[in-house]
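Take this structure, written in structure tokens, and hold onto it; I'll ask about it next.
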Amino acid sequence: QVAHMDGEFVLTTTHGELRADKLLVATGRTPNTRSLALEAAGVAANAQGAIVIDKGMRTSTPHIYAAGDCTDQPQFVYVAAAAGTRAAINMTGGDAALDLTAMPAVVFTDPQVATVGYSEAEAHHDGIE
């Protein structure tokens, strides 16, 4: 249960109460691909309906490319724009890959939150101290 009293949020669970000045509600998003007949085209999708692609934006059907919020990539406009550019290059004979290792991410809350690059765990996994 969540209540807002005297300028603060109170979250009550079976484990007790949590009080905070701010409350973030993140509902998530899912791709809207049901009407695309992906299976008939031989295009693989994950359990959430996102089109699975490689770093060149190719789907499981080599002549079909995908970019943006219908894919299993992070759903940020700059990722979609970069992915669309690589898809266009690749479908016209190029060989461009999308590298997301230095991808920025911003959550427009108050206060705002941003990240870029590796997490500490990812850096350690790749041998970076």
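The values are calculated or read from the model by the stated rules, or taken from the named source; none is laboratory data. Note that this is a predicted model, so its numbers are computed, not measured. Glycine also receives a Cβ, built like all others from the backbone with ideal geometry; neighbour counts cover every protein chain displayed.
For PRO74, state whether it is in a loop (DSSP other than H, G, I, E, B) and without any contact (Cβ under 8 Å) to a residue 12 or more places away in the chain.
When the stated conditions are applied, PRO74 does not pass them.
Scan segment 95-110 for residues that are aliphatic (A, V, I, L, M) and surrounded by 10 or more Cβ atoms within 10 Å (Cβ to Cβ) and jot them down.
Answer for segment 95-110, where residues must be aliphatic (A, V, I, L, M) and surrounded by 10 or more Cβ atoms within 10 Å (Cβ to Cβ): ALA96, ALA97, LEU98, LEU100, MET103, ALA105, VAL106, VAL107.
Next question, about the same structure. When the residues of segment 86-129 are narrowed to those that are among the aliphatic types (A, V, I, L, M), over 20 Å from THR71 (Cβ atoms) and assigned to a helix (DSSP H, G or I), which ends up modelled with the highest pLDDT?
Restricting to residues being among the aliphatic types (A, V, I, L, M), over 20 Å from THR71 (Cβ atoms) and assigned to a helix (DSSP H, G or I), the top hit is ALA121.
Taking segment 10-25 as the region of interest, how many residues are assigned to a loop (DSSP other than H, G, I, E, B) and either within 23 Å of PRO111 (Cβ to Cβ) or in contact with a His (Cβ under 6 Å, 6 or more places away or on another chain) (or both)?
Count: 5.
Same structure again: Which of (1) surrounded by 11 or more Cβ atoms within 10 Å (Cβ to Cβ); (2) within 30 Å of GLN1 (Cβ to Cβ) is the odd one out, the single condition VAL25 does not satisfy?
The number of the failed condition is (1).
Out of (1) surrounded by 11 or more Cβ atoms within 10 Å (Cβ to Cβ); (2) under 25 Å from ALA123 (Cα atoms); (3) modelled with pLDDT under 95, the odd one out for ALA83 is which?
Condition not satisfied by ALA83: (3).
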